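Participant: Just passing along the structure, written as structure tokens.
The values are calculated or read from the model by the stated rules, or taken from the named source; none is laboratory data. The structure displayed is predicted, hence computed values, not measured ones. Cβ coordinates were reconstructed from backbone atoms using ideal geometry, including for glycine residues, and neighbour counts include every protein chain displayed.
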Amino acid sequence: MFVQIENLAYRYQNANQPAIQDFSLYMNKGEIIAILGESGSGKSTVLRLLAGLEIPQAGSISINGRQIAGDHTFIPPEKRGIGMVFQDYALFPHMTVEKNILFGLRHLKRMQKQERLAEMLELVNLSDYKKRYPYELSGGQQQRVALARALAPAPSLMLFDEPFSNLDASLQVKIRDELKGILKQTNSTSIFVTHDQADAAALADRTIFIKQGMVKNAEPAPNKSYSL
Ligand code: ADP
Ligand code: ADP
């Protein structure tokens, strides 16, 4: 299994209920999973645990055979090889499109950097916009820059937190379809959280329902068959 999340539990300080309990998820390389649940069900907490922004109180997380959390192991966020895209894009406002994307590539050699930058700009169809600043772009274009920046270092896992919620309805559908194409083209293993069933159905290979921090359908419910 490429991603192994086992029996994860997390309770915020001062909370009386755990935000996540006994959460397990297994993913193949290249799989796109949606985590669907109401507000407060624990979706963001799962992403925060994966990203290394919180330390789980129980359970473990491994990616590509390497444990990143659990059993006294804790790999810090910047060393996890995880890419993230959030609803508010979080682009650096004082940097052009190309500088935003290059930020994730700062450890590469100059030639490799330029090559990867060109590849990413082409992938998200923004080659003509590399000298623009975020405020000179539409919402959809900004979200594509955020995607390119996250994908540029070739992360082993991509996380999306309600990536379309700041876009208007018609644009949501367009970007959603584009995103699915890009993730499949790059064979990116991805988890995205949403409260929108239509988003989950359109984007994901598989949907996990979560309620009060617990998975409601780890796998499709087996058909009960009785033989006499
Ligand atoms: P979702 O992303 O599905 O809206 P969250 O993961 O944000 O859900 O929240 C799960 C639960 O944890 C909720 O009950 C929420 O109130 C609680 N929670 C989230 N963040 C904190 C925090 N910083 N401190 C205390 N409780 C929190
Ligand atoms: P999208 O479908 O990606 O949302 P739009 O239809 O909103 O694109 O934008 C169309 C064109 O207008 C794009 O080429 C974009 O660069 C330009 N544009 C949008 N907003 C701005 C802005 N605030 N400043 C400069 N150009 C903009």
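Participant: When segment 189-199 is examined, which residues are found to be surrounded by 21 or more Cβ atoms within 10 Å (Cβ to Cβ) and either part of a helix (DSSP H, G or I) or of a type outside the set (Val, Ile, Thr) (or both)?
Facilitator: Within segment 189-199, Ser190, Phe192, Asp199 meet the criteria.
Participant: Does segment 65-88 contain at least one residue that is within 16 Å of ligand 1 (Cβ to nearest atom), closer than 19 Å to Ala19 by Cβ and of a type in the set (Gly, Ala, Ser)?
Facilitator: no
Participant: Which pairs turn up if I take residues in segment 168-185 that are at positive phi and look for partners that are within 16 Å of ligand 1 (Cβ to nearest atom) with beta carbon separation below 6 Å, at least 6 apart in sequence or on another chain?
Facilitator: Taking only residues 6 or more apart or on different chains, not a single pair turns up.
Participant: I would also like to ask the following. Kindly list the number of the only condition in (1) of a type in the set (Gly, Ala, Ser); (2) in contact (Cβ under 8 Å) with a residue 24 or more places away in the chain; (3) more than 16 Å from Gly83 (Cα to Cα) that fails for Ser62.
Facilitator: Going through the list (1) of a type in the set (Gly, Ala, Ser); (2) in contact (Cβ under 8 Å) with a residue 24 or more places away in the chain; (3) more than 16 Å from Gly83 (Cα to Cα), Ser62 breaks only (3).
Participant: So which residues in segment 122-150 are near ligand 2 (Cβ under 8 Å from one of its atoms) and either touching a strand residue (DSSP E or B) at 6+ places or on another chain (Cβ under 6 Å) or hydroxyl-bearing (Ser, Thr, Tyr) (or both), if there are any at all?
Facilitator: Tyr129, Tyr135, Ser138
Participant: Further question: Might you let me know whether segment 156-165 holds any residue that is out of contact with any strand residue (DSSP E or B) (no Cβ under 7 Å at 6 or more places or on another chain), within 16 Å of ligand 2 (Cβ to nearest atom) and farther than 17 Å from Ala51 by Cβ?
Facilitator: yes
Participant: Go through Gln67, Gln114, Gln87 for me and flag whichever is surrounded by 14 or more Cβ atoms within 10 Å (Cβ to Cβ) and closer than 19 Å to Pro163 by Cβ.
Facilitator: Details: Gln67 fails: closer than 19 Å to Pro163 by Cβ; Gln114 fails: closer than 19 Å to Pro163 by Cβ.
None of the others qualify; the one that does is Gln87.
Participant: Gly59 versus (1) part of a loop (DSSP other than H, G, I, E, B); (2) surrounded by 15 or more Cβ atoms within 10 Å (Cβ to Cβ); (3) within 16 Å of ligand 1 (Cβ to nearest atom): which is the lone unmet condition?
Facilitator: (1)
Participant: Could you list, in sequence order, all residues of segment 95-143 that are polar (S, T, N, Q), touching a Lys or Arg at 6+ places or on another chain (Cβ under 8 Å) and either modelled with pLDDT of 95 or more or within 16 Å of ligand 1 (Cβ to nearest atom) (or both)?
Facilitator: Passing the criteria: Thr96, Asn100.
Participant: Check whether at least one residue in segment 156-167 is buried (at least 16 other Cβ atoms within 10 Å of the Cβ) and free of Cβ contacts under 8 Å to residues at least 60 places away in the same chain, and report yes or no.
Facilitator: Within segment 156-167, one or more residues are buried (at least 16 other Cβ atoms within 10 Å of the Cβ) and free of Cβ contacts under 8 Å to residues at least 60 places away in the same chain.
Participant: Here's something else I'd like to know. Going through Leu151, Leu159 one at a time, which residue ends up being at pLDDT below 95 and either under 25 Å from Thr45 (Cβ atoms) or within 16 Å of ligand 1 (Cβ to nearest atom) (or both)?
Facilitator: None of the others qualify; the one that does is Leu151.
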